[in-house]
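Below is one structure, written out as structure tokens; the observations come after it.
The values are calculated or read from the model by the stated rules, or taken from the named source; none is laboratory data. Remember, predicted model here, so these are calculated numbers, not experimental data. All Cβ positions, even for glycine, are placed from backbone atoms using ideal geometry, and neighbour counts span all protein chains on display. Note: accessible area is taken over every heavy atom of the protein model, side chains too, but ligands, DNA and RNA are not part of it. Shrake-Rupley method; radii C 1.70, N 1.55, O 1.52, S 1.80 Å.
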Amino acid sequence: MKKLTINKAMRGLRGELIIPGDKSVSHRSVMFSALGSKPVRIKNFLPSADCLSTVACMKALGADVDIISDTELVVKGNGLNGLKEPATLLDAGNSGTTLRLLMGILSAQPFVSTFTGDASLHKRPMGRVIKPLSMMGAKIVGREGNKKLPITVIPAEGCLKGISYDSPVASAQVKSAILLAGLFADGRTTVTEPYVSRNHTELMLEAMGVKLEYAGTSVSLEAPDELKMPEELIVPGDISSAAYWLVAGSIIPDSELLLKNVGINPTRTGIIDVLRNMGADITMLNERVSGAEPVADILVKSAKLHGTEFGADIMPRLIDEIPAIAVAAMFADGDTVITGAGELRVKETDRLQAITDQYNKLMDCIEGTEDGLVIHGSGKESVKASCFSYDDHRMAMSIAILGLAGAGAEIEEPDCVRISYPDFYKELEELTK
Ligand code: S3P
């Protein structure tokens, strides 16, 4: 599809939505299960393009993956040292998580592997992972001085060695790549971040019997003899997908949405804190633990929002939600000032630039700064216009809710929602028909 028209919502959004599986946890469930020697049943897997890139890579590396249904897989590996040399290029598609985490695992393997990906992934910085892995003894070569795809991982001379790495960025992909290489390294591997990023790798490795130690913003581990596979892994719903409904439900008058089975891992719930600070009416119901992760049903009702300020300290907890939060800020009273968001410039597209260029076509109220946004809420009339998604799933979904809450929108290149939320437009249609 070249273009999709989103009409202004004629009434509030009301109903229940079951939020699809978490993308970060789905990737990890397949990757880590492929390092065990017992079959693991993965439930509520997210069958999105990104996660299917991980499935294809793990199959190419010798894992057995049985597709039971769209959302249920059984994965079996051949033990911690059982991966085999892939006969083809490993195609990570649009997925930074697939590429960066797998680089960590493959750095320690006795065979050569070469990665490729789509046009967006070719532009994204990989030096942040290649540098620490090289300090561990990994041999990785990539374009532009070992910083970009295509990337080849060559067997290291001998065993990788554990390091203590002070990461300049709070990035779960960097942290996870190093910890995963640490599963195969001699000695202790420690990663320290400026702020703690999402901890799904840590929780899942612990569920597989690995002992991790935490101190402040540091986490460390030593190589285990094996990963002890649980019989099943249950993926929580993705709060990053719930984000669009949390915002739409807040800003479209007379809305009331119950979002079921949403992961509420505290390293991911920054959006709840920010929306509540803005005056949102959000209630957590039925809080429980599902697998290794906390989940809840979240009730959101429309509310009058006001502007807010937030910065670097909360950023890792809401990094993927900025495009949605920016939409909320456009409908809030007063200014919202976002700082410390420079990482958005190296996501699937430069999201700070994309937000200012595209959202302003619909409601001209956003100023971009070097590392953030200043959003002058509620003051402007919204108009219907055509906006480019940059083939970035989070941009497409955010433009959709912006159009819904405003005067409508046309989304150019809308199909990219398949990356993380294949049924997004179907759900939107159901809620608005
Ligand atoms: C992810 C970590 C984040 C996030 C990405 C998924 C993960 O990236 O933006 O969508 O699964 O570890 P960074 O680690 O680069 O911040």
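What to note about this one:
- Extending 7 Å from Cα along the Cβ direction at Leu212 and again at Glu85 yields two label points whose distance is 3.3 nm.
- The listed residues Leu52, Leu17, once ranked by accessible area (1.4 Å probe) with the largest placed first, stand as Leu52, Leu17.
- Rounded to whole Å, sorted largest first: equivalent-ellipsoid semi-axes of the stretch 23-230, Cα gyration tensor: 23, 20, 17
- In the stretch 364-409, the GluC sites (Glu not before Pro) that fall in loop regions by DSSP, at most 15 other Cβ within 10 Å: Glu370, Glu381
- Summary value for the stretch 151-209: 39 percent relative contact order, contacts being C-alpha pairs under 8 angstrom separated by 6+ residues.
- Angle between the chain longest axis and helix 49-60 axis [Cα atoms, degrees, rounded to 10]: 10
- Here Glu232 sits with roughly 80 square angstrom of accessible surface, probe radius 1.4 Å.
- The trypsin sites (Lys or Arg not before Pro) found in the stretch 221-292 that occupy coil by DSSP, while having at most 15 further C-beta atoms within 10 Å, are Lys228.
- Relative to the longest principal axis of the Cα atoms of the chain, the long axis of helix 393-405 makes an angle of roughly 20 degrees.
- Neighbourhood charge, 9 Å Cβ-Cβ cut-off, centred on Val65 and excluding it, Lys, Arg +1 and Asp, Glu -1: 0
- With the convex hull of its Cα atoms as the shape, the chain has an orientation-averaged projected area of 18.5 nm².
- Cα shape, the stretch 225-316, gyration tensor, a/c 1.5 rule: oblate
- Formal net charge of residues neighbouring Ile282 (Cβ-Cβ distance under 11 Å; K, R +1; D, E -1): 0
- The angle separating the long axis of helix 172-182 from the principal Cα axis of greatest extent in the chain is about 10 degrees.
- DSSP finds beta bridges in the chain, and of those with both partners inside it, around 70 percent are antiparallel.
- Length released on extending from Ile67 to Glu232, taking residue separation times 0.36 nm less the Cα-Cα span: 58.0 nm
- Considering helices alone, the calculated mean residue ellipticity of the chain at 222 nm is -9000 deg cm²/dmol, with DSSP H runs of length four and up weighted by -39500 (n - 2.57) and normalised per residue.
- Each Cα pair under 8 Å and six or more residues apart adds its separation to the average, and for the chain the resulting relative contact order is 18 percent.
- Measuring nothing but how far apart in sequence close Cα pairs (under 8 Å, 6+ apart) lie, relative to its length, the stretch 23-230 scores a relative contact order of 18 percent.
- Thr283 paired with Tyr195, simple spin-label distance in nm, labels 7 Å along Cα-to-beta-carbon: 3.0
- Modelled label positions at Gln353 and Thr267, each set 7 Å beyond Cα in the direction of Cβ, lie 3.0 nm from each other.
- Range in the chain, longest, excluding exposed chymotrypsin sites (Phe, Trp or Tyr not before Pro) [loop by DSSP; at most 16 other beta-carbon atoms within 10 Å]: 196-433
- Residues whose amide H comes within less than 5 Å of that of Ser290, counting only those at least five positions distant or on another chain, are Val295 (H built at 1.01 Å from N in the peptide plane).
- Distance violations [Cα-Cα > 28 Å] among Lys23/Lys148; Lys38/Lys131; Lys260/Lys384; Lys147/Lys361: Lys38/Lys131; Lys260/Lys384; Lys147/Lys361
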